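The values are calculated or read from the model by the stated rules, or taken from the named source; none is laboratory data. These figures come from a predicted structure and were not determined experimentally. Glycine also receives a Cβ, built like all others from the backbone with ideal geometry; neighbour counts cover every protein chain displayed. These area figures cover heavy atoms from the full protein model, side chains too; ligands, DNA and RNA do not enter into them. Shrake-Rupley method; radii C 1.70, N 1.55, O 1.52, S 1.80 Å.
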Amino acid sequence: MRLPYQFQGLWLYFAKYDRKIKIKEKDMRIIKGVEYELLTEAVQSSYKEETNGYVLTCEIGVHEGNGSQIMLEEGRKKFQNFHHLGIDPYGNIQAGVSNKVKWNTKKDLIDYLEFHLLEMADTEYMDKYRNGFIIYDEKPHLLNRYTCVHFDGPQRTTDVLREVMFFCHRAHLGTTFCFNDYKRYKMDIIVNLCSVYGFRVLNKGRRRYSLIKEHGATG
Ligand SMILES: C[S@@+](CC[C@H](N)C(=O)[O-])C[C@H]1O[C@@H](n2cnc3c(N)ncnc32)[C@H](O)[C@@H]1O
């Protein structure tokens with residue numbers, strides 16, 4: 001139903017007001033937190049010595065964008081020429097997350113020009129972007145090393161292991177990994193695998209677990 005024009009401005013005002021409240025609620029969720037501080041710490045602790053001038057971070061499983069927003073805020077403070085990838089298929093029947101969530105997330109994160117949302121599953125990403133992600137900044141730049149990765153998508157050990165293998169091969173000294181809901185899969189296997197690639201434990205919470213790469217592969 002189309003409102004008479006006299007009321008349209010009023011409706012817009014309330015729609016915007018409602019949206020502001022929703023964003024505020026989102027802030028509250030971040031504050032109440034489910035150990036988001038471990039994700040903040042993972043970005044803050046990461047570093048990149050040898051650099052082609054670019055820093056790339058990534059989140060698998062974006063949903064409403066809370067984790068990505070934290071990574072974007074921290075990454076902006078810490079790095080120059082910083083880009084962040086969010087990978088999530090949304091609307092995907094298996095994952096069961098609606099397109100409405102995707103639209104709201106895009107709207108909420110629209111001001112972060114460093115954010116690139118890739119609407120696909122982790123496996124598709126790892127296949128399509130195995131050589132890296134290209135950023136056009138006057139000329140194309142291939143970004144193929146990840147400085148911080150948040151694992152928050154599929155929760156089967158085999159799926160997380162596949163992701164971890166991909167990112168271990170594309171890590172550098174100072175790369176950090178943060179895992180959400182790690183008790184749902186066999187985290188001990190993942191920690192052991194990462195240790196072969198030179199990662200050690202950065203922090204361990206009740207819900208999140210983080211690692212940092214301190215030396216080269218040893219296996
Ligand atoms: C727990 S939510 C992510 C929450 C988000 N990281 C945050 O901090 O607010 C899990 C998300 O993983 C996504 N997901 C499920 N399977 C996936 C897959 N194979 N690849 C990428 N994302 C996936 C779902 O669509 C869902 O949005």
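Tell me which residues, restricted to region 96-114, are touching a residue at least 40 places away in the same chain (Cβ under 8 Å), open to solvent by 30 Å² or more (accessible area, probe 1.4 Å) and not in a helix (DSSP H, G or I).
Result: GLU114, single match.
Just to be sure before I move on: is LYS107 charged (D, E, K, R) and either at pLDDT 95 or above or within 11 Å of the ligand (Cβ to nearest atom) (or both) in the structure I sent?
It is true that LYS107 is charged (D, E, K, R) and either at pLDDT 95 or above or within 11 Å of the ligand (Cβ to nearest atom) (or both).
Out of curiosity, is VAL149 under 20 Å from LEU56 (Cα atoms) and buried (at least 16 other Cβ atoms within 10 Å of the Cβ)?
Yes.
Within region 77-95, which residues are open to solvent by 90 Å² or more (accessible area, probe 1.4 Å) and modelled with pLDDT under 95?
Hits for region 77-95 are GLN80, ILE93, GLN94.
Only strands (runs of 3 or more DSSP E) wholly contained in region 123-200 count here; list those with 1 or more residues that are among the polar types (S, T, N, Q) and more than 12 Å from the ligand (Cβ to nearest atom).
176-180
Considering only residues of region 48-76 that are more than 16 Å from the ligand (Cβ to nearest atom) and touching a strand residue (DSSP E or B) at 6+ places or on another chain (Cβ under 9 Å), which is farthest from ARG145 (Cα to Cα)?
Result: ARG76.
Looking at PHE151, PHE166, PHE133, PHE199, which is the one that is of a type in the set (Phe, Trp, Tyr) and in contact with a His (Cβ under 8 Å, 6 or more places away or on another chain)?
PHE133
Are any residues in region 155-206 β-branched (Val, Ile, Thr) and free of Cβ contacts under 8 Å to residues at least 60 places away in the same chain, and if so, which ones?
Hits for region 155-206 are THR157, THR158, VAL160, VAL164, ILE189, ILE190, VAL191, VAL196, VAL201.
Anything in region 168-187 that is surrounded by fewer than 21 Cβ atoms within 10 Å (Cβ to Cβ), hydrophobic (A, V, I, L, M, F, W, C) and under 19 Å from THR40 (Cα atoms)? List them, or say none.
LEU173
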